[in-house]
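Just below is one structure, and these are the notes that go with it.
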Amino acid sequence: MFDKEVIKWMSKEDEEDDVLQLTSISKADNSFIRTNKEKSEMSMLQSMLYFTGNYNTQIWLTPYLKSLVEGGDSLTEGGSLASLERIDNILSLSSKSNKEVSFALMDDNYSEENLFDFVRYLEGPKGTSFRHYWFQKLEYILWKEFNKNDNWKNDRQFKDYRITSKNSIEHVFPQHHEFAQKTIDAEHLNDFGNLALLNVSQNSSYSNQDVQKKKIDFDKQPTYDSLKLALIYKNKNLEFYNKDVIITHRDDMIERIKKH
């Protein structure tokens, strides 16, 4: 089950760096051959979990492997995805330690009261103190939704998008705007609706530019740096980017997480 149903670092002919992928295994003579599978909801979800957890202690693996072993060949792809999404949701909201909840999830009927209030958390102006997990989880939710939409599926920048390791929080309206006369209050500057998670080089490339200039650079990229940013920059009224736009975007993102 670990060989067939858990992502591995694999090389791809058309990419310089290895990528996390699910693989299929076939036997040829006295050896096994591992073949890359197409990108899927399961590979994206596991990538999100991999990059937001401790690389050496992937706490979702134990309950996930148990569900796979018990389900056996009768467990459908949709069933295994629903199982892992449930595991992830419980892990993200649990008040228990990682080790405690990982073992508690071995019980299929496990539930917990006094869950973490993620809505209240995301509504607070925490800026760079926001846990990176919530940005990456949102990327998975958005990819899953967009991948069922033909307008997005045919989008050049969306086709090659993957969830990757990121560790730098970008302020869409910059902290130190290039035009000093353009300002926004600290509360909305550090609102979840004004933020996205990028890698350090991506974040540096946008610098302190005006939002409309950032959009131009964003649209030039071969693939989206962030699906959350893609939604922000598709707003046709970016010249009026202000606290109202930030709040609307934040509330929209929270609703999508709640639905998930």
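The values are calculated or read from the model by the stated rules, or taken from the named source; none is laboratory data. All of these numbers come straight from a predicted model, not from anything done at the bench. Don't worry about glycine lacking a Cβ; one is built from the backbone with ideal geometry, like all the others, and counts go over all protein chains shown. Ligands, DNA and RNA are excluded from the accessible area calculation, which covers all protein heavy atoms including side chains. Shrake-Rupley method; radii C 1.70, N 1.55, O 1.52, S 1.80 Å.
Collect the residues in region 198-220 that are open to solvent by less than 10 Å² (accessible area, probe 1.4 Å) and either over 23 Å from Asp252 (Cβ atoms) or touching a residue at least 24 places away in the same chain (Cβ under 8 Å) (or both), keeping them in residue-number order. Of everything in region 198-220, those that are open to solvent by less than 10 Å² (accessible area, probe 1.4 Å) and either over 23 Å from Asp252 (Cβ atoms) or touching a residue at least 24 places away in the same chain (Cβ under 8 Å) (or both) turn out to be Leu198, Tyr206, Val211, Lys214. For the criterion of being outside any helix (DSSP H, G or I), among the hydrophobic types (A, V, I, L, M, F, W, C), loosely packed, with under 14 Cβ neighbours inside 10 Å and in contact (Cβ under 8 Å) with a residue 12 or more places away in the chain, Phe179 passes.
Considering region 91-110, and only residues there that are of a type in the set (Ser, Thr, Tyr) and in a loop (DSSP other than H, G, I, E, B), the residue that is nearest to the chain's Cα centre (by Cα) turns out to be Ser94.
Candidates Ile163, Ile254: the one that is surrounded by 12 or more Cβ atoms within 10 Å (Cβ to Cβ), in a loop (DSSP other than H, G, I, E, B), in contact with a helix residue (DSSP H, G or I) (Cβ under 6 Å, 6 or more places away or on another chain) and hydrophobic (A, V, I, L, M, F, W, C) is Ile163. Residues in region 52-70 that are open to solvent by less than 40 Å² (accessible area, probe 1.4 Å) and in a helix (DSSP H, G or I): Leu61, Pro63, Tyr64, Ser67, Leu68.
Go through region 111-135 and give me each residue that's of a type in the set (Gly, Ala, Ser), part of a helix (DSSP H, G or I) and either farther than 28 Å from Glu170 by Cβ or touching a residue at least 60 places away in the same chain (Cβ under 8 Å) (or both).
To start, the set of residues in region 111-135 that are of a type in the set (Gly, Ala, Ser) comprises 111, 124, 127, 129.
Filter again for part of a helix (DSSP H, G or I), leaving 127, 129.
Selection gives Gly127 alone.
Scanning region 145-160 for residues that are under 15 Å from Leu45 (Cβ atoms) and crowded, with 17+ Cβ neighbours inside 10 Å gives a single hit, Phe146. Considering Phe179, Phe240, Phe192, the condition of being of a type in the set (Phe, Trp, Tyr) and under 25 Å from Tyr161 (Cβ atoms) is satisfied by Phe192 alone. Taken over region 1-45, residues that are aliphatic (A, V, I, L, M), surrounded by 11 or more Cβ atoms within 10 Å (Cβ to Cβ) and within 20 Å of Tyr64 (Cα to Cα) amount to 8. I want to confirm something. Restricting to region 73-90 and keeping residues that are modelled with pLDDT of 90 or more and either hydroxyl-bearing (Ser, Thr, Tyr) or outside any helix (DSSP H, G or I) (or both), which single residue is most open to solvent (accessible area, probe 1.4 Å)? Top of the filtered list is Ser83.
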